[in-house]
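FYI, it's all coordinate maths here, none of it is from the lab. Quantities reported herein were computed from a predicted structural model and do not represent experimental measurements. So basically every Cβ, Gly included, is an ideal-geometry build from the backbone, and we count neighbours across all protein chains shown.
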Amino acid sequence: MSYFPTVQAHEFNADNLGDASLTLPAAGLVLGSGQAGALVVRLFRSDPVRLCVISAGQLAQLIAYRALAVGAHVTVVTDAVAAWGRLVSAVPRGPSWLTVLPTGARVTATGTLARPSLVVDATRDHNALPRWEQGDWQTFVCVQSGLQPSDEARMRSYDLLITQQLDAAAADVARRGFGLAKDRAGWLTQMPPGVVAVAAAGQLAFGQLGLSTMEQRLFGS
């Protein structure tokens, strides 16, 4: 199952990494952009999707906000409910759009073609929605602040990785977990602020995050 089209390899120079991206199909969730076009990910599919977001900041909240914008229902299970307060205040009231639950709560949301489901797990145990409970048109997002060597096996269970800059040890975990070329994975340690990387099995793409006025208000600080 591919989340990227078949494309030729791209060469990068450190000076223009911030503008680097792959040209992906104009269908899905836009994560960033570069000189080659938009960085778009097929976040929702008829089959369940599982991905990991690595960021010490608010990247997961930005992804949730953009998922809401394309018509998804978002469920968040988190150890820190108050940390999602800005996002809660920015979307229409009511459980039909966004539900934020404390750790230990059961996820009952389901997805459809017309209304896919995004489940964000910002807990320590990353088990808010086990794979066997996940349905069609439902995407599970595990949120972590970093990667440890012990995470390598779990990385292999994910379809996608979305991350900002990693240190060398974390980048090597990502490389092994997603089967990335060593020279390509090296760019994960050199991404400037505002650049995001997306990895699928054997593939890696970069894009510059561009925030709208509302997104800057919500996530710019």
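Any chance you could give the angle, 0 to 90 degrees and rounded to 10, that helix 59-69 forms with the longest Cα principal axis of the chain?
Computed tilt is about 60 degrees.
Mind listing the long-range amide H neighbours of L39? Cut-off is under 5 Å, sequence gap 5 or more, other chains count too, H placed in the peptide plane at 1.01 Å from N.
When sequence neighbours closer than 5 places are left aside, the close amide H contacts are L31, G32, S33, G34.
Return the distance in nm (one decimal) between the two label points of a simple spin-label model at Q148 and A168, each offset 7 Å from Cα along Cα→Cβ.
2.1 nm
In whole Å, what is the distance between the alpha-carbon centres of region 91-120 and region 127-182?
22 Å
What FRET efficiency comes out for the pair R86/L211, r = Cβ-Cβ distance, R0 = 22 Å, nearest 0.05? Don't jump to the answer; show the numbers that get you there.
Numbers: r = 14 Å, r/R0 = 0.62.
Efficiency, from the Cβ-Cβ distance: 0.95.
What's the magnitude of the charge dipole for region 19-210 around its Cα centre, counting Lys and Arg as +1 and Asp and Glu as -1 at the beta-carbon? Answer in Debye, nearest 20.
On the way: 16 positive and 13 negative charges, 57 e Å.
Here the size comes out at about 280 debye.
Can you classify region 109-219 as rounded, prolate or oblate using the Cα gyration tensor, where a ≥ b ≥ c are the square roots of its eigenvalues, rounded means a/c under 1.5, and otherwise it's prolate if a/b beats b/c and oblate if not? All intermediate terms of the calculation are to be shown ahead of the outcome.
Numbers: a/c = 1.82, a/b = 1.21, b/c = 1.50.
Judged from the Cα gyration tensor, region 109-219 comes out oblate (a/c at least 1.5, b/c at or above a/b).
Out of Q58, Q208, Q164, any idea which swings most in a Gaussian network model of the chain, alpha carbons joined below 10 Å?
Of Q58, Q208, Q164, the most mobile in the Gaussian network model is Q58.
Is region 19-210 best put as rounded, prolate or oblate by its Cα gyration tensor, with a ≥ b ≥ c the root eigenvalues, rounded for a/c under 1.5, and otherwise prolate when a/b is larger than b/c, oblate when not? The partial results should precede the final answer.
Values: a/c = 1.60, a/b = 1.37, b/c = 1.17.
Since a/c reaches 1.5 and a/b is larger than b/c, the shape of region 19-210 is classed as prolate.
When each pair of different Cα atoms in region 53-161 is counted once in the 1/r mean, what is the Kirkwood radius in angstroms, to one decimal?
After inverting the pairwise mean of 1/r, the radius is 14.2 Å.
Based on Cβ point charges of +1 for Lys and Arg and -1 for Asp and Glu, what charge dipole magnitude is obtained for region 130-221 about its Cα centre, in debye rounded to the nearest 20? Walk me through the intermediate numbers first.
Working: 8 positive and 9 negative charges, 30 e Å.
Magnitude of the dipole: close to 140 debye.
Only counting other Cβ atoms within 10 Å, I'd like W132, W97, W137 sorted with the fewest neighbours first.
Values: W132 6, W97 14, W137 19.
Arranged by neighbour count, lowest to highest, W132, W97, W137 become W132, W97, W137.
Relative contact order for region 70-221: what percent, with Cα pairs under 8 Å and sequence separation of 6 or more?
Values: 238 pairs, mean separation 25.9, N = 152.
So the answer I get is 17 percent.
Taking Cα atoms, how many degrees apart are the long axis of helix 168-178 and the longest axis of the chain, rounded to 10 and kept between 0 and 90?
With rounding to tens, the tilt is 80 degrees.
With the dipole of the chain worked out from charges on the C-beta (+1 for Lys and Arg, -1 for Asp and Glu) around the Cα centre, which of G202, V107, L129 lies farthest toward the positive end?
Going by the charge dipole, the pick is V107.
Order by neighbour count: T123, T112, fewest other Cβ atoms within 10 Å first, most last. Provide the component values of the computation, followed by the final result.
On the way: T123 20, T112 12.
Ordered by Cβ neighbours within 10 Å, fewest first: T112, T123.
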